[in-house]
Amino acid sequence: MSRMLLAEFADGRSLLGAARELKQKGRRIIDAFTPVPVDGLAELLGVASSRIRVIMFIGGIAVAALLYATEWYTAVIDYPVNSGGRPLNSWIPFMLPPFATGIFAAALVGLITLFVTTGVRLHDPLFALDGFEHVTQDRFVLLLAQPEGGGVDEETRAFLTDRGALRCWEVGG
Amino acid sequence: MSRRWPAGILFIGATTAAGLGAFLGTLDVKAAAAGWLAAFVFWCGPPIGSLVWMMIHRLTGGRWGVALYPVFAPTAALVPLIGILLIPVLIAMPALYSWMHGGTDVIPSVKHLYLNPAAFIIRSVVAFIGWTVLALALPRIHGSRATLLAGLGLVFYCVLISLVPVDWILSLEHPFVSESFGASVAVTHLMAALAWAAVLAPRESEAVTSDLGGLLLAMVLAITYIDFMALLVIWYGDLPEKVFWFTQRTHFPWTLLAYLAFICGSALPILLLLFTRVRVNRFALRVIGAIVLLGLAVYDIYLVVPPFGSLALLAAGLAIVGMGCLMFGASLLTIPAMAPQQRGSYVR
């Protein structure tokens, strides 16, 4: 693992401000970990907008349509029953199972797409860092690439502290 | 002020529509009264809905409420005006409500204690006095007393909105009842207020526009859910005293109204608002707001007018346009032109 610097912030705005300035200085930002979406961060990191919502929508609609088709086939073709004079293709109650199942299918397709597109990582060296679990709660962490071969980068640390970083770690090397 | 001229033209429009409506009244009193009632029910939405959103915001806080306050507060101040528009409905009650003449089989104790003209008028008047007091008091008090008033006001709204729409709308076709009707009308109020704000609100930041779009989407989903569930339960129960309400609406032009209300009030806004790009686009939201208002107007006509025939459809159109001229004119005069430096003064 190459050398990296982590800086921990208390809010998204100071992380975004520091990241912008560092990028202008020519530093490479590897990633950022935040408990909530930070507006403008994805653009700064150069992450392309995800197609996951389109895939989820198509998956949900497809499963809902398939389930409705099953209901229709069962009630109209396979086993028609006259239930109190109601039409065989009773679309009003037939809407409910496709709706609920469609929502579930969209969620499932989203989860599978997430795993397929990002790769399942059960462990990452970063997870072992003390206090890193706070990125899912109340801390915003920026991950910077460190130049090879240098010593302790006091200048960058001082800059980050000045911009509101609560603490910095250096890892790898 | 340069906006007096357009407002004046709108008031002339309202007068013209009222005159045409009065002429229609000489031809068919019932149809004219039903048209007026449909328009009254529709235009209750933006002012009362704005009042409810302001009360909700007092309890929850949030940027959206601060940003929309310049639209919500003047619109909520129109509640007394809507109360005045109720008076012709009360005068026309004998022409509208057949239960008044004893022609229908209302259970005697129900008629004696609840469904009689005096109780009808008392419920409507109490509702409008309460909402007027809330609309006038809420912008003028601050701190924990405002929070208390907002909380009590929401409880008052929830109780009264379960009663008065049943009087105004469902009792037209006694014995039809639908238990979710109060909730359905409350959601149309909230939806109408947001759509009205989307049309009239000034240019705001992208984040606030996104909040408005998100809230509007939630309300459109809510009305779709509530009304679909009501239809499902009634369809499945298949009881004559409920189903007749729908069978009365299964022919032209009411089927056309149903499709139009579904497309403009539900399907189209949901599909458009699913896209983040649309939710953050001020112009797109303005168009969607106008579409939703059209859908709600058609929906309210569909609820009120069918028993009164096609002439009532014309009367409803006239009355909605006329009252709309009145509302837009009043809003032009009261909703401030949005210069950015003015905004600070509306933050509570």
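The values are calculated or read from the model by the stated rules, or taken from the named source; none is laboratory data. From a predicted model like this one, the values you see are computed outputs, not experimental measurements. FYI the Cβ positions are ideal-geometry reconstructions off the backbone, even for glycines, and counts take in every protein chain you see.
Within the range B:249-257, is even one residue out of contact with any Pro (no Cβ under 7 Å at 6 or more places or on another chain), away from chain A (no Cβ under 14 Å), without any contact (Cβ under 8 Å) to a residue 24 or more places away in the chain and within 21 Å of residue B:188 (Cβ to Cβ)? Within the range B:249-257, one or more residues are out of contact with any Pro (no Cβ under 7 Å at 6 or more places or on another chain), away from chain A (no Cβ under 14 Å), without any contact (Cβ under 8 Å) to a residue 24 or more places away in the chain and within 21 Å of residue B:188 (Cβ to Cβ).
Across the range B:231-245, what is the number of residues that are more than 11 Å from chain A (Cβ to nearest Cβ) and part of a helix (DSSP H, G or I)? I'd like the intermediate steps shown before the answer.
Within the range B:231-245, the first condition is being more than 11 Å from chain A (Cβ to nearest Cβ), and the residues that meet it are B:239-245.
Retained after the next criterion (residues that are part of a helix (DSSP H, G or I)): B:240-245.
Looking only at that region, the number is 6.
Annotation: residue A:106 fulfils all but one of (1) within 14 Å of chain B (Cβ to nearest Cβ); (2) over 17 Å from the mean Cα position of the chain (by Cα); the unmet one is (2). Mind checking whether some residue in the range B:240-252 is closer than 21 Å to residue B:306 by Cα and under 17 Å from the mean Cα position of the chain (by Cα)? Checked the range B:240-252: no residue is closer than 21 Å to residue B:306 by Cα and under 17 Å from the mean Cα position of the chain (by Cα).
Which residue pairs have Cβ atoms closer than 8 Å, lie 6 or more positions apart in sequence or on different chains, and pair a first residue in the range B:90-116 that is at pLDDT below 85 with a second residue that is of a type outside the set (A, V, I, L, M, F, W, C) and not in a loop (DSSP other than H, G, I, E, B)? If the second residue must be of a type outside the set (A, V, I, L, M, F, W, C) and not in a loop (DSSP other than H, G, I, E, B), the pairs left are B:101/B:94; B:104/B:98. Residues in the range A:7-24: is at least one within 20 Å of the chain's Cα centre (by Cα) and acidic (Asp, Glu)? Scanning the range A:7-24, I find at least one residue that is within 20 Å of the chain's Cα centre (by Cα) and acidic (Asp, Glu), so the answer is yes.
Being outside the structural domain of residue A:34 (by TED's automatic domain parsing), more than 30 Å from residue A:15 (Cα to Cα) and surrounded by 13 or more Cβ atoms within 10 Å (Cβ to Cβ) narrows it down to one of A:69, A:100, A:65, A:106, so name that one. Quick ask: steps written out before the conclusion?
On the way: A:69 fails: surrounded by 13 or more Cβ atoms within 10 Å (Cβ to Cβ); A:100 fails: surrounded by 13 or more Cβ atoms within 10 Å (Cβ to Cβ); A:65 fails: surrounded by 13 or more Cβ atoms within 10 Å (Cβ to Cβ).
Within the list A:69, A:100, A:65, A:106, the selection yields A:106.
Only one of A:160, A:143 is in contact with a Cys (Cβ under 9 Å, 6 or more places away or on another chain) and assigned by TED's automatic domain parsing to the domain that holds residue A:41. Can you tell me which? Spell out the reasoning first.
Working: A:143 fails: in contact with a Cys (Cβ under 9 Å, 6 or more places away or on another chain).
A:160 is the lone residue from the list that is in contact with a Cys (Cβ under 9 Å, 6 or more places away or on another chain) and assigned by TED's automatic domain parsing to the domain that holds residue A:41.
Restricting to the range B:136-148, what's the tally of residues that are more than 13 Å from residue B:76 (Cα to Cα), of a type in the set (A, V, I, L, M) and in contact (Cβ under 8 Å) with a residue 24 or more places away in the chain? Number satisfying all stated conditions: 1. For the range B:259-284, filtered to residues that are under 28 Å from residue B:308 (Cβ atoms) and within 14 Å of chain A (Cβ to nearest Cβ), the residue that is surrounded by the most Cβ atoms within 10 Å (Cβ to Cβ) is B:266. Here the range A:33-50 is the region considered, the condition is being within 13 Å of chain B (Cβ to nearest Cβ) and either assigned to a loop (DSSP other than H, G, I, E, B) or in contact with a Leu (Cβ under 8 Å, 6 or more places away or on another chain) (or both), and the residue that is surrounded by the most Cβ atoms within 10 Å (Cβ to Cβ) is A:38. Could you check, for the range A:61-74, whether at least one of its residues is modelled with pLDDT of 95 or more and within 14 Å of another protein chain (Cβ to nearest Cβ)? Yes, because at least one residue in the range A:61-74 is modelled with pLDDT of 95 or more and within 14 Å of another protein chain (Cβ to nearest Cβ).
For the range A:73-104, the set of residues classified as closer than 28 Å to residue A:58 by Cβ and hydroxyl-bearing (Ser, Thr, Tyr) consists of A:73, A:74, A:90, A:101, listed by residue number. Checked against (1) more than 23 Å from residue B:132 (Cα to Cα); (2) of a type in the set (Val, Ile, Thr); (3) surrounded by 13 or more Cβ atoms within 10 Å (Cβ to Cβ), residue B:107 meets all criteria but (3).
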